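The values are calculated or read from the model by the stated rules, or taken from the named source; none is laboratory data. These numbers come from a predicted model, not from an experiment. Because the Cβ atoms are built from the backbone with ideal geometry, glycine has one as well, and the counts that use them run over all protein chains shown. Side chains are part of the model used for accessible areas, which takes the heavy atoms of the whole protein and leaves out ligands, DNA and RNA. Shrake-Rupley method; radii C 1.70, N 1.55, O 1.52, S 1.80 Å.
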Amino acid sequence: MASTLLLVVVFVFDLVAFALAVAAEQRRASARIAQDANSRYCVYETDIATGMGVGALLFLLVSQVLVMVATRCMCCGRALSPGRSRALAIFLFITCWVTFIIAEACLLAGSVRNAYHTKYRTVLSANPPSCETLRKGVFGAGAAFVVFTGIVSELYYVFYSKSDEGVIPTRDNGIRMGAFN
């Protein structure tokens, strides 16, 4: 039987990761061009979105680790009983890892790119500097895949638990041979 406590803890971690990813999307760094006596340069606003993106990444990572430890990553431990639950658990295991990798990639790339700031100045007569910022939607895509990962990982855990409860039938229907003396 699936542990309700684990499902609730994983749900809370995924919910926090989603909230941090959405907040990071709303608080992406923005820039404006400033000018002093001889040059123009970029001035960036506060950079809290990078921390939120990394926080979302870490909460999602902890959630994934909890599910994989509880299920022994499907490769350790005894075999699952054959049936529909095992087939769905295998499918959801693969899907869970794919969505997890995509979510982590979006959150990591968004955090790194959001933290990048141009550090050069241009002369007044030259073109203004390009104040590069993160494209809109990177953290949003990460947030969407956090939701997908949360749903799939919890379904994986439930189907794994259903398949793990069954007893694997033994095939001991033949005549046993005795020891040869």
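Quick one: pull the percent of accessible area on the range 1-96 belonging to carbon and sulfur, 1.4 Å probe, ligands and nucleic acids left out.
C and S fraction of accessible area: 69 percent.
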On a 1.4 Å probe surface of the protein chains, which of D14, D164 comes out largest in accessible area, and what is the full order?
D164, D14
What is the local net charge at A24, summed over the other residues whose Cβ is closer than 15 Å to its Cβ (Lys, Arg +1; Asp, Glu -1)?
+1
Whole-Hz Karplus ³J(HN,Hα) for the range 85-97, in order, using 6.51 cos²θ - 1.76 cosθ + 1.60 and θ = phi - 60°, x for Gly and Pro?
4, 5, 4, 5, 4, 5, 4, 5, 4, 5, 4, 4, 5
Please list, in order along the range 23-40, the HN-Hα scalar couplings obtained from phi with the Karplus expression 6.51 cos²θ - 1.76 cosθ + 1.60 (θ = phi - 60°), rounded to whole Hz, x for Gly and Pro.
5, 5, 5, 6, 10, 4, 5, 10, 9, 9, 8, 10, 9, 10, 4, 10, 8, 10
Please go through the range 11-111 and write out the trypsin sites (Lys or Arg not before Pro) that DSSP classes as loop and that have at most 15 other C-beta atoms within 10 Å.
R78
Give the relative contact order (percent, whole number) for the range 5-96; include only Cα pairs under 8 Å separated by 6+ residues.
30 percent
In this structure, the FRET efficiency calculated for V112 and A19 from their beta-carbon separation, with R0 = 22 Å, to the nearest 0.05, is 0.60
